[in-house]
Amino acid sequence: MADGQLPPPGSELSTEIQFDVPHAARMWNYWMGGKDNYEADRAAGDAVAEVYPEIVVMARQSRKFLIRVVRYLAAEAGMRQFLDVGTGLPTMQNTHEVAQGVAPESRIVYVDNDPLVLVHARALLANTTSEGVTRYVHADYHDPEKILAEAAEVLDFDRPVAVMFMGVLGYEPDLEVMRSITGRMMDAVPSGSHMVLWDGTNTSQAVVDGADRLAESGGVPYILRSPEDLASCFEGLEMVEPGMVPITQWRPEEADAEAIDAYGAVARKP
């Protein structure tokens, strides 16, 4: 959505939206330089950036990681079906734009449980090609069965699917629950499918301090995990080179890409 298209307080579309409480998707949008955010989001975002300025870099690098990963999956791994779980607000180069730019027939299902993202769903549903399909499922990632049932209206689960968790599972405090979610999703897709996962990591004191400041500012706490914990979600899958690395260093376009406190990987289901 363009600037000024966020629903104002009191509008029909705003009934489920809390304007005075910092909101994860809107804060991320703010850090990425977007305009789909409110004063509470900007205040909390500034508070986090005050102790961890790198959060702005992380936000913008996460989108570059998505672009590289989806381009790899479509161009090199032959993926034509994408299930983007916890998609957040639309911004530059969304999954369907990248995938359909490589393979116009690509089919994409976005999943989110956020009412604000639902408000923005029309933007997500804008196909970039006549051959492709783009849909939106309103569901929580804690309910993989609902996600899979609704996604099956668009995706063929007898053919490989790329399942994506892009910086969203840190809102689940229990690692075993996180592993269960990814495991249940990957159990439902066939051989040749891929999983993509990245999340913030506890790899510096500064990022830990930033997460603490987020909670203090009223935002939903975000659980930072070790790269080893994130890698455990890929059990039974075959890692694609270079494995679990800082997202800036996953097949970077710049040879001297610096590490950041966010790790990710891509893996294939054998």
| said: Every residue in region 49-71 that is more than 11 Å from the chain's Cα centre (by Cα) and of a type in the set (Gly, Ala, Ser), please. | reply: Ala49
| Given (1) out of contact with any Ser or Thr (no Cβ under 7 Å at 6 or more places or on another chain); (2) under 30 Å from Ala47 (Cα atoms), number of the condition Phe165 does not satisfy | (1)
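Answer with yes or no whether Arg122 is modelled with pLDDT under 95 and farther than 21 Å from Val220 by Cβ.
On the way: modelled with pLDDT under 95: yes; farther than 21 Å from Val220 by Cβ: yes.
When the stated conditions are applied, Arg122 passes them.
Scan region 72-96 for residues that are under 15 Å from the mean Cα position of the chain (by Cα) and not small (Gly, Ala, Ser) and report the count.
To start, the set of residues in region 72-96 that are under 15 Å from the mean Cα position of the chain (by Cα) comprises 82-96.
Pick out the ones that are also not small (Gly, Ala, Ser) and you get 82-85, 87, 89-96.
Here the count works out to 13.
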| note | Of the residues in region 56-92, those that are in contact with a strand residue (DSSP E or B) (Cβ under 7 Å, 6 or more places away or on another chain) and acidic (Asp, Glu) number 1
| said: Cβ-Cβ under 7 Å, sequence separation 6+ or interchain: first residue in region 236-265 and at negative phi and modelled with pLDDT of 95 or more, partner assigned to a loop (DSSP other than H, G, I, E, B) and of a type in the set (Lys, Arg). Which pairs? | reply: Leu237/Lys269
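So, in region 35-48, exactly how many residues are assigned to a helix (DSSP H, G or I) and in contact (Cβ under 8 Å) with a residue 60 or more places away in the chain?
Within region 35-48, the subset assigned to a helix (DSSP H, G or I) is 39-48.
Still in the running and in contact (Cβ under 8 Å) with a residue 60 or more places away in the chain: 40, 43-44, 47-48.
Residues flagged as assigned to a helix (DSSP H, G or I) and in contact (Cβ under 8 Å) with a residue 60 or more places away in the chain within region 35-48 amount to 5.
The values are calculated or read from the model by the stated rules, or taken from the named source; none is laboratory data. As the structure is a computational prediction, the values presented were derived from the model and not from experiment. Here the Cβ is made from the backbone with ideal geometry for all residues, glycine too, and neighbour counts use every protein chain on show.
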